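Asks: Got a structure here, written out as structure tokens. Questions coming.
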Amino acid sequence: MARSNFYSGGGLDRAELLRRDPAWITLAIRTGRLRLVPVWRNHNLVSNPEAPRPLFLDSLDQMERLLASGHEPFLLGHREEVTFAALDLSQYDDPSDVTVIEALGEANFEDLRRVGPLLDRWEGSLLAYARGLCWWHQRHGYCGVCGSPTRSENAGHQRRCTNEGCSALHFPRTDPAVIMLVHDGERCVLGRQQAWPSGMHSTLAGFVEPGESLEEAVAREVFEEVGLAVSDVVYHSSQPWPFPSSIMLGFFARTNEHTLKIDPNELESAAWFTRDELLNAPEDDTLRLPRRDSIARHLVTSWLNDDF
């Protein structure tokens, strides 16, 4: 059964063919259907942060002024005949220095990790895409092969080394990480890290290493973090997680072992929980479940409902 997590499933046509047309931005402006999605130092522009809605730059005057000052939009795609493009404003020490932002009135650049759960799925997926693509550009201004500056191409979906003797191409990267709910049929394991909010527990997770399969990564991470051997590793779903550039690959894994051997370098604590304990979690400093926009929460909910 297909499952969709938050920050995905927004219904955006990524318009790969349009990226090849260097005149795409001119065409989009002429149609009057271009919306620029501003990003400032990994923060997205929204209205009132207590009830946020994404804010876009859509007036011809705004866009012409920004493009004339050297700003380069990165094409995101189409939805309902509207073209969306990310616009990175991170070069400004203060985003209020950008006159067109100041003119929007009640607008704030907010961390998507804070406002994401308050957004619609479509809005969250669009802002996550813009944030992730801008982050990649910020960190690939120089060639990893020869160290020369790189330039954006393909409407922002690749960078090329400007050294003609090198000309290496660089593409947006996504770091794969496995995230898994370990269970014995009746109970599941949740752990917590010291940096998390008080009481928060979540599923185990870790990055995939070179030369290993996803299933091997699940088994290795579980054993490293809590000392359990697992079997029956079953895929559940995935989630883009642009904090800063991961793709979370969700799994269930079964174990017949019960003694936890916690690695203190990985976790502050870990414990077994029954379904009743999680269904009655007080959501306070004693026990909080993972945030609602995360695949971790989706895994827990699916386990509680025997939907896996």
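Asks: Could you grab me the full set of residues in region 27-43 that are farther than 20 Å from residue 127 by Cα and either outside the structural domain of residue 92 (by the TED database) or surrounded by 12 or more Cβ atoms within 10 Å (Cβ to Cβ) (or both)?
Replies: 27, 29
Asks: Next question, about the same structure. Being closer than 21 Å to residue 307 by Cα and among the aromatic types (Phe, Trp, Tyr) is the filter here, so list the residues in region 214-259 that pass it.
Replies: 235, 251, 252
Asks: Given the options 30, 65, 3, 79, name the one that is closer than 30 Å to residue 251 by Cβ and among the basic types (Lys, Arg).
Replies: Values: 30 fails: closer than 30 Å to residue 251 by Cβ; 65 fails: closer than 30 Å to residue 251 by Cβ; 79 fails: closer than 30 Å to residue 251 by Cβ.
Being closer than 30 Å to residue 251 by Cβ and among the basic types (Lys, Arg) holds for just one of 30, 65, 3, 79, which is 3.
Asks: Which of (1) surrounded by 15 or more Cβ atoms within 10 Å (Cβ to Cβ); (2) out of contact with any helix residue (DSSP H, G or I) (no Cβ under 8 Å at 6 or more places or on another chain); (3) assigned to a loop (DSSP other than H, G, I, E, B) is the odd one out, the single condition residue 177 does not satisfy?
Replies: Just one mismatch for residue 177, condition (3).
Asks: Consider region 122-168. How many of its residues are out of contact with any Phe, Trp or Tyr (no Cβ under 6 Å at 6 or more places or on another chain), part of a helix (DSSP H, G or I) and not hydrophobic (A, V, I, L, M, F, W, C)?
Replies: 7
Asks: Please determine whether any residue of region 175-182 is charged (D, E, K, R), in contact (Cβ under 8 Å) with a residue 60 or more places away in the chain and farther than 17 Å from residue 278 by Cβ.
Replies: yes
Asks: Which of (1) in a loop (DSSP other than H, G, I, E, B); (2) farther than 28 Å from residue 136 by Cα is the odd one out, the single condition residue 266 does not satisfy?
Replies: Result: residue 266 passes all but (2).
Asks: Kindly establish whether residue 221 is charged (D, E, K, R) and loosely packed, with under 14 Cβ neighbours inside 10 Å. Steps first, please.
Replies: Numbers: charged (D, E, K, R): yes; loosely packed, with under 14 Cβ neighbours inside 10 Å: no.
Taking the combined requirement at face value, the residue does not satisfy it.
The values are calculated or read from the model by the stated rules, or taken from the named source; none is laboratory data. If you're wondering where the values come from, they're calculated on a predicted model, not measured in any experiment. So basically every Cβ, Gly included, is an ideal-geometry build from the backbone, and we count neighbours across all protein chains shown.
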